[in-house]
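The values are calculated or read from the model by the stated rules, or taken from the named source; none is laboratory data. All values derive from a computational prediction rather than experimental measurement. Cβ: placed from backbone, ideal geometry, glycine included. Neighbour counts: every protein chain shown. All accessible areas refer to the heavy atoms of the entire protein, side chains included, with ligands and DNA or RNA removed. Shrake-Rupley method; radii C 1.70, N 1.55, O 1.52, S 1.80 Å.
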Amino acid sequence: MNIRILMILSLLIGIGAVLHAIVPPVIFGVKPDMLLSMMFLGILLFPKLKYVIILSIATGAISALTTSAPGGQIANMVDKPITAIIFLSLFFIISKTLRPLSQAVILTAIGTMISGAIFLSVALFLIGIMEGSFIAMFSIAVLPAAFLNSILIAVVYPIVQRILKRTPQLMMT
């Protein structure tokens, strides 16, 4: 494993943790998961399974520590690794069909919705209010988060790509 890549991924997790901590809860303690966008950015930059696994476990742990949602600790630990593997799979499926920025924005929106669905399913099951609240919570928390994460990625991804192009030793993994 490349230490430089691991350092970049840890910086992304740190930035995401700050974003995750300062975003206010929307409903019942559920807040849009801005840490998720940093996980997606890490996967887009370094799409290798070994990095994705480490990134998703670390993201799940940090997200679990900073969540205020009831049942969110376990839900985050379940959600992040599953979402990361699905995101990586989708990335490989569409990587040759779209331009990189379009890929990043579309995958971030889809990935956020997948993550939100998994998170809400686990959390609502754990606290026992699954009936009728999933659609409301998905609409109120997940869809705005997908929109915000997509905008964030649309702005940040090209900047980070340009920075990484200037440091070619990072791209050799």
Using a simple spin-label model with points 7 Å from Cα along the Cα→Cβ vector, what separation in nm is obtained for Ile57 and Leu6?
-> 1.2 nm
Quick calc: nm separation of the 7 Å Cα→Cβ label points for Lys50 and Ile15 -> 2.4 nm
Under a plain spin-label model, where a point goes 7 Å from the Cα along Cα-to-Cβ, how far apart in nm are Leu143 and Ile82?
-> 2.2 nm
Computed lengthening from Ile159 to Ile74, 0.36 nm per intervening residue step minus Cα-Cα distance = 27.2 nm
Using a probe of 1.4 angstrom, how much of the accessible area of the chain is carbon and sulfur, in percent?
-> 77 percent
Can you give the accessible area of Val156 in Å² (nearest 10), computed on protein heavy atoms with a 1.4 Å probe?
-> 40 Å²
Nearest-20 debye value, segment 1-130 charge dipole, Cβ charges on Lys, Arg, Asp, Glu = 380 debye
Nearest 10 degrees, 0 to 90: helix 3-22 Cα axis against the chain principal axis = 30 degrees
Please name whichever of Val18, Leu101, Thr112 sits farthest to the positive end of the charge dipole of the chain, dipole taken about the Cα centre and charges placed at Cβ: Lys and Arg +1, Asp and Glu -1.
-> Leu101
When only Cα pairs under 8 Å and 6 or more residues apart are kept, what is the percent relative contact order across the chain?
-> 24 percent
